[in-house]
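Here is the structure we will look at, set down as structure tokens.
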Amino acid sequence: MVIQKMKAVVYRRYGTPDVLELTDVVKPVPKANQVLVKIYSTTVTAGDWRMRKADPFLVRIFGGLFRPSRVKILGFELAGVVEEIGSKVKAFRKGDEVFADCGFTFGAYAEYKCLTENNMIALKPSNMTFEEAATVPVGGLTALRLLKQAGLKTGDNVLIYGASGSVGTFAVQIAKSFEADVTAVCSSTNVSMVQSLGADFVIDYTKEDFTKTEKRFNIIFDAVGKTSRPASRHLLKPGGKYVSVTGSPKSNPDDLMVLKELIESEKLKTVIDRRYPLEQIREAHAYAESFRKKGNIAISVLQH
């Protein structure tokens, strides 16, 4: 059998974006329960650059103590087309346009990726490009799961701290789809963008301490992991919930379909700050790590 190759970004040691190398690797072959996805777009998430940098140190427990051994190709989420299906696959067909969360197998910084049929993979929203769809799974699933964990219901008062990032922009819109009253916390440069997503009230943290607001909330959602329950407990209504991206919300197999339905009903859209080709993955990582991004960073892998 002829071994086929593909382009991929690999990293063999932890460090700065310079450890990322675009090279040729063996193209994967799907197992019986897998689909092979031809990847058109991926992203740079916090999970990607933290794995690359081994920040926090606990990343090494998962990825390899001295050097990356478990994951060599990063890339947490993707959108593309099913190129091959395994003999036992029932849910997808060759040619299906899909988007997916790769989970901790990563692997989307490549031209192809194999995913099992029961992974977080679904048909791409019909009203999104591949680039847009690729930015949805990680931020969208995190926002959806944490809001579900907090018991979001119609009419709730919700505060979202870090509303301009990937998770935050999705959280604002998902909360609004429940007709919640949303207070968003972000910096001056992002106020108008967050308002355009539907936030009812915006607190500019460069000018005002959100913990001093007189409003009280059913849910406080820390979308960036930079505040704490003790610091904001007094803002919760009786029975209110505090949730943070530092937690581990329970997943549901239908979560990606919920996001797809919200997108196709025009209740959820993505925010893309910058776009890079795969060849500029180092620059994309450097920007992501700067904490200046609004929403998402999209990476073009293959042209469609």
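Here are some notes:
- Hits in region 285-304 - residues which are of a type outside the set (F, W, Y) and out of contact with any helix residue (DSSP H, G or I) (no Cβ under 8 Å at 6 or more places or on another chain): S290, R292, L302, Q303
- Applying a threshold of 6 Å to beta carbon distances and a minimum spacing of six or more residues, or different chains, the list of pairs starting in region 196-219 at a residue that is assigned by TED's automatic domain parsing to the domain that holds K237 and ending at one that is basic (K, R) and outside any loop (DSSP other than H, G, I, E, B) reads G198/K176; R216/K237; N218/K237; I219/K241.
- Region 98-115 - residue that is surrounded by fewer than 18 Cβ atoms within 10 Å (Cβ to Cβ) and in contact with a strand residue (DSSP E or B) (Cβ under 9 Å, 6 or more places away or on another chain) and, of those, nearest to Q4 (Cα to Cα): T105
- Among residues of region 237-257 being among the small types (G, A, S) and under 16 Å from the mean Cα position of the chain (by Cα), the one that is surrounded by the most Cβ atoms within 10 Å (Cβ to Cβ) is S244.
- Condition met for V194 (outside any strand (DSSP E or B) and under 15 Å from the mean Cα position of the chain (by Cα)): no
- Enumeration of residues in region 197-236 that are more than 24 Å from the chain's Cα centre (by Cα) and either among the small types (G, A, S) or assigned to a helix (DSSP H, G or I) (or both): F210, T211, K212, P230, A231, S232, R233, H234, L235
- Any chance S177 is under 19 Å from G295 (Cα atoms) and among the hydroxyl-bearing types (S, T, Y): yes
- Residue match in region 127-141 (condition: in contact with a helix residue (DSSP H, G or I) (Cβ under 8 Å, 6 or more places away or on another chain), under 25 Å from K90 (Cα atoms), outside any helix (DSSP H, G or I) and of a type outside the set (A, V, I, L, M)): yes
- Conditions (1) assigned to a helix (DSSP H, G or I); (2) surrounded by fewer than 17 Cβ atoms within 10 Å (Cβ to Cβ); number of the one not met by L144: (2)
- Looking only at region 67-107, and only at residues there that are among the small types (G, A, S) and more than 14 Å from the chain's Cα centre (by Cα), the one that is farthest from R52 (Cα to Cα): S87
- Filter result for L152 (within 21 Å of P249 (Cβ to Cβ), in contact with a Pro (Cβ under 8 Å, 6 or more places away or on another chain) and buried (at least 19 other Cβ atoms within 10 Å of the Cβ)): no
- Filtering region 59-87 to residues that are free of Cβ contacts under 8 Å to residues at least 12 places away in the same chain, of a type outside the set (K, R) and part of a loop (DSSP other than H, G, I, E, B) leaves G64, L65, F66, S69.
- Residue tally, condition surrounded by 18 or more Cβ atoms within 10 Å (Cβ to Cβ) and in a helix (DSSP H, G or I), over region 259-281: 6
- Filter result for the condition that a residue is without any contact (Cβ under 8 Å) to a residue 24 or more places away in the chain and either crowded, with 16+ Cβ neighbours inside 10 Å or closer than 20 Å to T43 by Cβ (or both), over V191, V167, V172: V191
- Residue under evaluation L278, criteria (1) under 26 Å from M128 (Cα atoms); (2) touching a residue at least 60 places away in the same chain (Cβ under 8 Å); (3) touching a helix residue (DSSP H, G or I) at 6+ places or on another chain (Cβ under 6 Å); (4) among the hydrophobic types (A, V, I, L, M, F, W, C), criterion not met: (3)
- Checking each residue of region 270-277 against the condition of being aliphatic (A, V, I, L, M), closer than 30 Å to L22 by Cα and touching a strand residue (DSSP E or B) at 6+ places or on another chain (Cβ under 7 Å) gives at least one match.
The values are calculated or read from the model by the stated rules, or taken from the named source; none is laboratory data. Everything numeric in this text was worked out from a predicted model, so none of it was measured. Cβ: placed from backbone, ideal geometry, glycine included. Neighbour counts: every protein chain shown.
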